[in-house]
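Since the structure comes first, as structure tokens, the remarks are kept for the end.
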Amino acid sequence: MSLLGKVQEFINPTPIEDKYQELLRRAHEEILKPLGFKKDGQNFRQIAPDGLGKIVNFRKDKWNQKDRRLGFLIYTGVYFEPEPAIKNRKFKEYDCQIRSTGDNPTPTDIYGKKGEEFSYNKQFWYIFKRTDMEAMYQDLKQSMQDVLNWFGHFESRQSTIDMILDGTVQQYSYTIVMHYGTAKMLAEMGYQAQVYEQIKDTRTTNPQAWAVIRLAEDLEKELGL
């Protein structure tokens, strides 16, 4: 932005919602679209030919204050279905088997103050009337590179399934990967023995997960163990 443009922006700031939408547009056009991600509102999806889906989801904070502050978070996910051809091509981040976040390299508090004391909550991003949007975009580029590096752990649908079955994928997800829905789906896909090995001790490790415990008991009978 030119010096004159900066002066004009200071005197008459662009509406916060417009700043946010422009940030999404740049993220798509300059970072995600060249990699095959398609924009759908605040969702950006990439679906590989082998049926592995990836998503970047921008989600507004419900406590936003119009014309004063717009907060948002970035969520990411990796998704697949029983068959290689994905039927739900509008899958959401919360539908994904593996989930993570896009952190803010320079987090602030809800008033725009920066400092080490705010580094504990790097998930939040805040846009204010006079936020330097070019600086925020540079932070976003850095965050998106981290996200793409995270996606890089999941090279194909089959390798992702293998990582779930051997337990190595859990380190990349902030939610439990082998929950009931995933375990049941993989068992029905023919991975009964591998699923059983992952969930057989659930009664001890997570006694509240009764559905997974029951599935483990059913698989134990089915496998004749």
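The values are calculated or read from the model by the stated rules, or taken from the named source; none is laboratory data. As the structure is a computational prediction, the values presented were derived from the model and not from experiment. In this analysis, Cβ positions are derived from the backbone assuming ideal geometry, glycine residues included, and neighbour counts consider all displayed protein chains. Protein only, heavy atoms only, side chains kept; ligands, DNA and RNA dropped before computing areas. Shrake-Rupley method; radii C 1.70, N 1.55, O 1.52, S 1.80 Å.
Of all residues in the stretch 57-84 being among the aliphatic types (A, V, I, L, M) and at pLDDT 95 or above, which is surrounded by the fewest Cβ atoms within 10 Å (Cβ to Cβ)? For the stretch 57-84, the residue satisfying everything is Ile74.
Please find, within the stretch 118-149, the residue that is farthest from Ile55 (Cα to Cα) out of those that are among the hydrophobic types (A, V, I, L, M, F, W, C) and open to solvent by less than 30 Å² (accessible area, probe 1.4 Å). Only one residue tops the list, namely Ile127.
Could you check the stretch 185-215 and list, in sequence order, the residues that are surrounded by fewer than 17 Cβ atoms within 10 Å (Cβ to Cβ) and either among the hydroxyl-bearing types (Ser, Thr, Tyr) or under 22 Å from Tyr94 (Cβ atoms) (or both)? Met185, Glu188, Met189, Thr204, Thr205, Asn206, Gln208, Trp210, Ala211, listed by residue number.
Residues that are out of contact with any His (no Cβ under 6 Å at 6 or more places or on another chain) and of a type in the set (D, E, K, R) number at least 2 in the following helices (runs of 4 or more DSSP H) confined to the stretch 122-225: 133-151, 157-166, 180-188, 210-222. Residues that are open to solvent by less than 40 Å² (accessible area, probe 1.4 Å), at positive phi and either at pLDDT below 95 or of a type outside the set (Phe, Trp, Tyr) (or both): does the stretch 19-33 have at least one? So far as the stretch 19-33 goes, no, none of its residues is open to solvent by less than 40 Å² (accessible area, probe 1.4 Å), at positive phi and either at pLDDT below 95 or of a type outside the set (Phe, Trp, Tyr) (or both). Against the test of being modelled with pLDDT of 90 or more and assigned to a loop (DSSP other than H, G, I, E, B), the options Lys54, Lys87 yield a single qualifying residue, Lys87.
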